[in-house]
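Report on one structure; see the data block that follows.
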Amino acid sequence: MKTLKATALSAIGICTLLSLLSPASSKGRTAENLQWGAPVDGLQMSILAAGSGNVDVPQFQVALRNTGERDVVLNLGIMLANGKVQLPERIRLSLTDAGGRTREFRFFDKRYPAVAGRVDDYVVPLRVGSTYLLTFNLDQFWSPDAKDFQLKLSQGKSQLVAHFEGGKAQASNLDTPGMRLMNFWEGKLQSNVLAVER
């Protein structure tokens, strides 16, 4: 009887875990029903709202999908502390506010204002048909032109577009000399337009 009860509990636990890990658990969103930007050399990009409680600093997600015929490797930025800190610096945003003004914003994590120590490339292998999803807060971006580190949405409707510029490995470490030979995706990519209202 105890074995039957333990088996039933294990089955329930596994089903619960699988339901949490399934794509449908992300508010019914799958890669097929997202809006995507135009494909470039087998890669597409999407930006979508992630449902944050803070209307001033909304949360959103950026997805990269391999729709090509070959597996690729993405360099999303840099990693610190042997991968414990991942900074997707190659993701940037264009924000068009309600007045029609467009500004460019770059990723910046205020917890790590300076780099000291080892730096590695933020490398993500992306198989054919696979999607990689990142979650951001709007306040993780800053404007290099306006020196604006307090990005907040103005009143009214704004539009966000995500951009990615792929490239080869940049970090030079003695224990990763072959990284530069990897099949990195190179090019410029743009997402769909996400409408955000405050």
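Worth pointing out:
- A count restricted to the stretch 55-107 and to residues that are touching a strand residue (DSSP E or B) at 6+ places or on another chain (Cβ under 8 Å) and either among the hydrophobic types (A, V, I, L, M, F, W, C) or not in a loop (DSSP other than H, G, I, E, B) (or both) stands at 36.
- For the stretch 168-198, the set of residues classified as within 20 Å of the chain's Cα centre (by Cα), hydrophobic (A, V, I, L, M, F, W, C), over 17 Å from residue 82 (Cβ atoms) and modelled with pLDDT of 90 or more consists of 184, 185, 189, 193, 194, 195, listed by residue number.
- The set of residues in the stretch 56-88 that are closer than 20 Å to residue 117 by Cα, of a type outside the set (A, V, I, L, M) and over 10 Å from the mean Cα position of the chain (by Cα) comprises 75, 77, 82, 83, 84, 86.
- Count of the stretch 146-161 residues, restricted to those that are of a type outside the set (S, T, N, Q), modelled with pLDDT of 70 or more and assigned to a strand (DSSP E or B), is 3.
- Cβ pairs under 8 Å, 6+ apart, first in the stretch 74-98 and crowded, with 19+ Cβ neighbours inside 10 Å, second among the polar types (S, T, N, Q) and not in a strand (DSSP E or B): 75/170; 78/170
- Among the residues of the stretch 168-187, the ones that are small (Gly, Ala, Ser), assigned to a loop (DSSP other than H, G, I, E, B) and either on the phi > 0 side of the Ramachandran plot or surrounded by fewer than 14 Cβ atoms within 10 Å (Cβ to Cβ) (or both) come to 1 in all.
- Which numbered condition residue 165 misses (of (1) more than 14 Å from residue 77 (Cα to Cα); (2) touching a residue at least 60 places away in the same chain (Cβ under 8 Å)): (1)
- Residue among 26, 19 that is within 17 Å of the chain's Cα centre (by Cα), small (Gly, Ala, Ser) and at pLDDT below 65: 26
- Residues satisfying the stated conditions in the stretch 108-124, i.e. part of a loop (DSSP other than H, G, I, E, B) and surrounded by 11 or more Cβ atoms within 10 Å (Cβ to Cβ): 108, 109, 112, 115, 118
The values are calculated or read from the model by the stated rules, or taken from the named source; none is laboratory data. Model, not experiment: these values are computed from the prediction. Because the Cβ atoms are built from the backbone with ideal geometry, glycine has one as well, and the counts that use them run over all protein chains shown.
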